[in-house]
Amino acid sequence: MKRTESRQRRKNSICALHRAPSELRRSHIVPEFLYKPLYDSKHRLNVLSTGRPPKRHFEQKGIREKLLCDRCEAQFGVYEDYARGVLFGGKEIEVSMANPRGFEFHVDYRKFKLFELSILWRVGVTTTRFFNNIDLGDHAEQLRKILIGEQPGTTDEYGCILIWPVSHRDIVDQLVISMGMTKIEGVPCVRLIMGGICWFYFLSKQAIDPRQSGLFLQEDGSLRIMQGDFGINGYLTNFAKAVYTSNPYFFRKTNDKH
Ligand SMILES: [Zn+2]
């Protein structure tokens with residue numbers, strides 16, 4: 001769905017997902033629980049951290065938009081409850097910096113994949129300015145159909161690679177942001193930072209090669225969050241500099257809270 005069409009539908013109170021006139025809710029574009037980092041500064045799962053979370057200066061908690069009806073909102077709510085349970089309800093896990101593979105989970109493929117896709121679709125169709133550097137083109141309609149049918153397709157279709165950056169944690173942990181789009185070997189790719197991790201979505205029905213699809217959520221339920229930087233370091237370094245220039249007290253304030 002093009003953003004102009006999207007605006008028009010919103011104006012006419014048409015649910016963006018099932019496309020019928022409805023009373024629209026002020027829907028979250030990014031689920032609320034992803035506004036806090038998955039792992040705390042000691043690299044443990046956040047859920048077990050008892051300290052007060054540091055104040056986050058970039059928080060745009062609750063980017064909302066009149067987007068979905070009650071029923072569609074409830075449908076997404078099921079995926080979100082499930083994903084929150086997986087990501088935040090787990091046991092304490094020590095992050096081994098020596099382990100390049102990162103964290104591994106076992107999940108319900110259908111629910112978790114639909115969760116991933118529901119976010120991708122929402123950031124693509126929202127008219128809020130925070131995600132206007134994302135253009136899904138025809139994929140928006142494909143994704144809408146997948147979500148309507150609740151059939152997530154195969155591992156290769158719209159695969160997502162999750163990366164936990166090892167550097168610039170002070171920045172990453174405070175962000176919910178779109179890093180815009182890039183192309184990886186010719187495939188358009190949407191890059192988001194949410195929950196302290198980077199989400200790389202490949203807008204394609206086929207992975208470029210098995211090494212890549214091996215990093216996506218697998219149909220047997222294997223979910224991996226990779227550790228590393230994978231080229232995002234440049235983006236984060238520049239971002240950190242821009243933040244520091246605009247607010248030189250940022251880092252000091254943040255550190256004081258720890
Ligand atoms: Zn609806």
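The values are calculated or read from the model by the stated rules, or taken from the named source; none is laboratory data. Everything numeric in this text was worked out from a predicted model, so none of it was measured. In this analysis, Cβ positions are derived from the backbone assuming ideal geometry, glycine residues included, and neighbour counts consider all displayed protein chains. Please note that ligands, DNA and RNA were not included when accessible areas were found on the heavy atoms of the full protein model with its side chains. Shrake-Rupley method; radii C 1.70, N 1.55, O 1.52, S 1.80 Å.
One line per residue, one yes/no per condition, for (1) open to solvent by 10 Å² or more (accessible area, probe 1.4 Å); (2) farther than 23 Å from D108 by Cβ; (3) of a type in the set (A, V, I, L, M):
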| residue | (1), (2), (3) |
| --- | --- |
| T127 | yes, yes, no |
| N133 | yes, yes, no |
| V187 | yes, yes, yes |
| M194 | no, no, yes |
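Taking the range 164-173, which residues are open to solvent by 10 Å² or more (accessible area, probe 1.4 Å) and within 21 Å of I29 (Cα to Cα)? The answer is D173, and nothing else.
Scanning the range 138-179 for residues that are touching a residue at least 24 places away in the same chain (Cβ under 8 Å), farther than 22 Å from E73 by Cα and out of contact with any strand residue (DSSP E or B) (no Cβ under 7 Å at 6 or more places or on another chain) returns T154, T155, D156, E157, S167, H168, R169, D170, I171, D173, Q174.
If I filter the range 59-66 for residues that are modelled with pLDDT under 55 and part of a loop (DSSP other than H, G, I, E, B), do I get at least one hit? Can you show your working first?
Within the range 59-66, the subset modelled with pLDDT under 55 is 59-60.
With the extra rule that they be part of a loop (DSSP other than H, G, I, E, B), the set shrinks to 59-60.
Looking through the range 59-66, at least one residue is modelled with pLDDT under 55 and part of a loop (DSSP other than H, G, I, E, B).
No other residue among R10, R26 is of a type in the set (K, R), open to solvent by 50 Å² or more (accessible area, probe 1.4 Å), within 16 Å of the ligand (Cβ to nearest atom) and modelled with pLDDT under 95 apart from R26. When A74 is tested against (1) farther than 23 Å from R3 by Cα; (2) assigned to a loop (DSSP other than H, G, I, E, B); (3) open to solvent by 30 Å² or more (accessible area, probe 1.4 Å); (4) modelled with pLDDT of 85 or more, just one condition goes unmet, and that condition is (2). Within the range 126-160, the set of residues being in a helix (DSSP H, G or I), at pLDDT 95 or above and of a type outside the set (G, A, S) comprises H139, E141, Q142, L143, R144, K145, I146, L147, I148.
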